[in-house]
Amino acid sequence: MRITVRLGLVSAVLINFVSTAVAQQSVQGTLPPNVAATVNGQPIPESAVQRGIRGVKPEKRVEARQQVISDQIDMVVVDQYLQQLNIAVDKKEIDDAWKRMEAGLKAEGQTVEKFFTEQLLTEDEMRAHMVADLRWDKFAGSQASEKVLRDLFEHNKDMFDGSMVRARHILLAPAAGDPTALERAKAQLLLCKRTIEDEVQKEMAKLPPNTDTLVREQARILTLEREFAKKAAEISICPSKKQGGDVGWFSRAGSESTVEPFAKAAFALKPYAMSDVVTTKYGCHLILATERKPGVEPKFEDVQAEVKDVYCERLRDAILAKYRPSAKIVIAPRQ
């Protein structure tokens, strides 16, 4: 059994995107050595950050640290909101969660003490994480009624039918704190899109007028993908630039390598069509869909758990969108 703490034991998953600076309202300040950041005065221990960046290559640790701190801030903001709702967690619930953790570790031949040492955890930290997890489960469960989930399912079946898309992208991340940076990034990507389209038109103009339609389309696809990959290699800040921006295959929902606005835009494209500029928490993207695998018509009962996961993720994002901008966040300027 794998032991995870959704609101505490966070790994820095840097798959296809790189992190941007922690939210614009965050400020740097002097904090004790054992505190990485505070959210409305509540400390985030440095040990939680170190837990997240273990195993990350030294040259990637600055990026990873930013992302882990940002993730930890999100967790605290959400839990502070739930505490304001007075969602109670009783001692028996915590004790039961503790017993489940012990049983899971024992099944893996591991002790609680060894696990805590490996994860840089204290018992108090672990119990606090459990309380936060239980509080979230209660809140999310109270919101995720069958009616709400069925409505989400009916309006977004492509999220749950197993269909997949493959795409390339070009990512630009505006600097935090610069109010004009976002518009400049969007303008740069729109110019990039026009440049790619112009190159495709030039190549198409070279073809004889009587060229077969299929041959013309093959030439268009070849040029479009080549020019897009070239631009991705030149200006994208995503690690996928080494593959010409190729992020591989991903599903409409539940993919670790994409976020909702990106996946939604990619799934709306036909193969070998480019998107307009798409903005996510990672920055601004220009997307080129390249392939698509159709899914199978799903039944709600078969995918209800997945629908709930998507709903809960959206619920959490909505809380963060409302409350993180007004949170007082202080981050220690350590590397």
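Where a number appears in this text, it was derived from the coordinates with a stated rule and is not lab data. Just so we're clear, the structure is a prediction, and the values are computed from it rather than from any experiment. Virtual Cβ from ideal backbone geometry, glycine too; neighbours counted across all protein chains shown.
Taken one residue at a time, the phi angles of region 278-286 give Karplus couplings (6.51, -1.76, 1.60, θ = phi - 60°) of 10, 9, 10, 5, 8, x, 10, 10, 10 Hz. Gly and Pro are set to x.
Between residue 292 and 166, the built amide H atoms are under 5 Å apart, and every one of these is 5 or more places off in sequence or on another chain.
Calculated on the alpha-carbon coordinates, the convex hull of region 108-161 measures out at 139 cubic angstrom per residue.
Taking the chain as a Gaussian network of alpha-carbon nodes connected by springs under 10 Å, the highest mean-square fluctuation of the residues 164, 75, 126 belongs to 126. Mean-square fluctuations from a GNM of the chain, with a 10 angstrom spring cutoff on Cα atoms, peak among 306, 203, 59 at 59. The residues neighbouring residue 218, those whose beta-carbon lies less than 12 Å from its own, together hold a net charge of -2 under the Lys/Arg +1, Asp/Glu -1 convention. Over the chain, dividing the summed -39,500 (n - 2.57) contributions of all DSSP H runs of at least 4 residues by the number of residues returns a 222 nm mean residue ellipticity of -16500 deg cm²/dmol.
List, in the order given, every pair from 242/264; 138/242; 106/322; 186/322; 241/299; 92/114 whose Cα-Cα distance in the structure shown is over 32 Å. Walk me through the intermediate numbers first.
On the way: 242/264 24 Å; 138/242 43 Å; 106/322 41 Å; 186/322 24 Å; 241/299 38 Å; 92/114 24 Å.
Pairs exceeding the cut-off: 138/242; 106/322; 241/299.
Less than 5 angstrom separates the built amide H of residue 248 from those of 167, all sequence-distant by 5 or more or on a different chain. The ellipsoid that matches the Cα gyration tensor of region 212-318 has semi-axes, each √(5λ) in whole angstrom, of 29, 19, 10, with the longest given first.
Summing +1 for each Lys or Arg and -1 for each Asp or Glu among the other residues whose beta-carbon sits under 13 angstrom from that of residue 227 gives +2.
Sorted into 5 angstrom bins from 0, the C-alpha pair distances of region 197-262 split as 3, 15, 18, 16, 16, 13, 10, 5, 2, 0 percent.
For the Cα trace of region 47-137, dividing Rg by the Kirkwood Rh returns an Rg/Rh value of 1.02.
Rounded if a/c is under 1.5, else prolate if a/b beats b/c, else oblate: with a ≥ b ≥ c from the C-alpha gyration tensor eigenvalues square-rooted, which is the chain?
Verdict is prolate for the chain.
In terms of overall dimensions, region 55-208 has a Cα radius of gyration and Dmax of 24.3, 78 angstrom.
For the chain, modelled as a GNM whose springs connect Cα atoms under 10 angstrom apart, the maximal fluctuation among 136, 98, 249 occurs at 98. Near residue 238, the amide H atoms lying under 5 Å from its own belong to 171; only residues 5 or more places off or on other chains count, and H is placed 1.01 Å from N.
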